[in-house]
1. How large is log10 of I(q)/I(0) for region 167-320 at q = 0.09, 0.13 Å⁻¹ when the intensity is taken from the Debye formula with one equal scatterer per alpha-carbon?
2. So how far apart, in nm, are the two label points at ILE252 and LEU319 if each is 7 Å from Cα heading toward Cβ?
3. What are the equivalent ellipsoid semi-axes of region 248-320, built from the alpha-carbon gyration tensor (square roots of five times its eigenvalues), in whole angstrom, biggest first?
4. Counting only protein heavy atoms and using a 1.4 Å probe, what share of the accessible area of region 20-90 belongs to carbon plus sulfur, as a whole percent?
5. What is the sum of charges, Lys and Arg at +1 and Asp and Glu at -1, for the other residues whose Cβ falls under 9 Å from the Cβ of GLY16?
6. Report the equivalent ellipsoid semi-axes for region 1-159 in whole Å, largest first, defined as the square roots of five times the eigenvalues of the gyration tensor built from alpha carbon atoms.
7. Given a 1.4 angstrom probe, what's the average accessible area per residue across region 145-238, in square angstrom?
8. Quick check for me: using +1 on Lys/Arg Cβ and -1 on Asp/Glu Cβ, what's the dipole size of the chain about its Cα centre, in debye to the nearest 20?
Amino acid sequence: MIKNIGVLTSGGDSPGMNAAARAVVRTVLYEGGKVWGIYDGYRGLLDEKMEELNSRSVADILQRGGTFLGTARCKRFMTPEGRMEAYENMKKRGIEGLVVIGGDGSLRGASKLSAETGVPIVGLPGTIDNDVWGTDYTIGCDTAANTIIDAINKLRDTASAHSRIAVVEVMGRRCGWLATLAGIAGGAEVVLIPEREFNLDDVCANLVKSYENGRRYSLVVVAEGVGSGIDIGKYIEEKTQMDVRVSVLGHIQRGGSPTVQDRVKASQLGEKAALALMAGQTDVVFGFNKGKVVAINLHDAITNKKPLDPEYIELADMLV
């Protein structure tokens, strides 16, 4: 049984990472083990920024966004030599296994570290994009979606007052989950996502037609993966001769106190990860499938592309 484990957060921060890390720490301590906090992601393994944590170390963080462990990019870890150095630094402290909380890039790094050194690793999907294969849910996606809806609700007020078209750019380079959910929950007339081709001239024609039919304002949600919201807004304004305002939400989507769902689900995943790793399980990612916690093969999670649920796309089209 593994009794000495490390936990780190990597990649882009997401609300709920603290809840997951807290659950890992307190579960390990409850089971009689030791847990090391690794600061600034994989860079902390190389810079030896690690310390043993206790229950008080994770007090008062459940409600906080971001990650108390910090996160950073690390080019050195991308090399086999860097990963071996990271492993040697873990061994100095007797760390026998690692919980990695992060998105697809972070999980790919975890997979390489495991393959090259044999260290047991369990991953948790921490990304607001909800784009990790094999799980319906990723840590932070619910809070980010709610942040977007809060912004849309406010933008709707001013767009209605001025009879404007509001273009809102949201995160999602390769995945349109956030944009699609925002379109459904925010009542958008147009949703532009990477998973589906679109003709901007047709979009403009439909917007003009809706105004001719009496609509006072329109909302266009753009996933960043389809292009610049600013450029798309300019094109729409030139083509329709209407008043257009563009809002790029940016990193505000990553912040904020996590929702109840992100706190509870992240805690569930953190507990499962700690118990699995202590039992010697490795190369798995824990996620959710139809409301139940499931173990996903780490290799499958990083080599498969998660499709956007077509029912969401169909629903967004129907509700325009």
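1. Scattering profile of region 167-320, log10 relative to I(0): -0.40, -0.73.
2. Computed distance between label sites ILE252 and LEU319 equals 2.2 nm.
3. Those come to 28, 19, 13 Å.
4. 48
5. On the way: positive: ARG263, LYS265; negative: ASP142, ASP262.
Neighbour charge sum, excluding GLY16 itself: 0.
6. Its equivalent ellipsoid spans semi-axes of 30, 18, 13 Å.
7. Dividing the accessible area of region 145-238 by its residue count gives 45 Å².
8. On the way: 37 positive and 40 negative charges, 173 e Å.
In total the dipole reaches around 840 debye.
The values are calculated or read from the model by the stated rules, or taken from the named source; none is laboratory data. Computed from a predicted model, the values in this text were never measured in an experiment. We place every Cβ from the backbone using ideal geometry, glycine too, and count neighbours over all the protein chains shown. With ligands, DNA and RNA removed, areas are computed over all heavy atoms of the protein, side chains included. Shrake-Rupley method; radii C 1.70, N 1.55, O 1.52, S 1.80 Å.
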